[in-house]
Every structure is written in structure tokens, then in C-alpha cells.
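None of the figures in this text is laboratory data; all of them are computed from the coordinates on show. All values derive from a computational prediction rather than experimental measurement. Methodologically, a virtual Cβ is constructed for each residue, glycine included, from the backbone with ideal geometry; neighbour enumeration extends over all protein chains shown.
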Ligand code: SF4
């Protein structure tokens, strides 16, 4: 196992530990709870747009035939905070990768994460860009922007929450 994968596993462990100890507290906190619900709403809107525009089907089709463009380094760039946010929204973090050589989080049914990086949400291959057309792409990008903003606000509030509750680095 390479250093980057070892580091990712540490980030996953830390996110899971945080979730076990503080997940419920964060969800019940009035301010954090509101931000979590808002992010959840935005993720649902993005996912539904990806479905109705045909993006989800096109990516699934590619994954079955020529392989997905979810590359290994992308998964390895996720940190504990983004993974903790995923746990707060109910995503299961896999103990091991299903496809060596691809992103750690890609599974049989696609991405296992609920809250993805900006790159994962904003990347459209040339084929997809042509199929979707400018107007649909713009609609998706507008919605993705709203989701990313909601995610950023929640991560910022969580960082403040950890500092104010003196959550130690190793947790
Ligand atoms: S969409 Fe999901 S599976 Fe694909 S690169 Fe991003 S995190 Fe990995």
C-alpha cells in the first residue's frame, strides 16, 4: 500500500471516530444542524439534476465499458473533514477499494460518497460536454455552485466548532 493510500485510510479512520463521538452532537446542534440540512437539500438537487440530465447514466455506462474517469489520486485527496461531512449525511466509508487503480470511493454502483469535491462535480468529459449542450451544463454548474457553497459553510462552521470545543488533533 502506498503512502497516499495509507494517509487516506487514516483520514477515513479519523472521520469515523469523529462521527462516533460527535456526529449526533453536531446534528442536534441548532446552527450546525441547519447547515447539515441545507447541504443535504443541495446534494439532493444536484443528484436529481445529474440523473434527469443523463449525466449519471452516461458515467455508469462508461464505467461498465471503457472504465470510469474516477482516478486514484482524486480519492486520495479527500481529508477527514470532508469525509466526516459525508458521514454526517449518511455516507458509508468503505474499508477497502473495490477497483485497484481507480478512486478509492468508486463502487459497483458508482461513487459511494454523498458530498464530493468540486472537481468530481465539475468535470465533464468531452463526449458528455457535447451531449449535454451549453444550457444544461450551465444549469448543472449553477446548482453545483450552490452545493459547494453550502458545503463550504458547513466545513467552516465545523472547524470553528472543533476549535471552540478543543477537539484534539488526534481525534
Ligand atoms: S466522483 Fe466519487 S468515485 Fe469519482 S473520483 Fe470523485 S470521489 Fe472518487
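A count restricted to region 57-93 and to residues that are more than 10 Å from the ligand (Cβ to nearest atom) and in contact with a strand residue (DSSP E or B) (Cβ under 7 Å, 6 or more places away or on another chain) stands at 1.
In region 18-40, the residue that is nearest to residue 79 (Cα to Cα) out of those that are in contact (Cβ under 8 Å) with a residue 40 or more places away in the chain and surrounded by fewer than 15 Cβ atoms within 10 Å (Cβ to Cβ) is 21.
Please count how many residues of region 142-155 are within 16 Å of the ligand (Cβ to nearest atom) and free of Cβ contacts under 8 Å to residues at least 40 places away in the same chain. Of the residues in that region, 1 qualify. Residue 75 passes all but one of (1) under 18 Å from residue 153 (Cα atoms); (2) crowded, with 16+ Cβ neighbours inside 10 Å; which number fails? Residue 75 satisfies every listed condition except (1).
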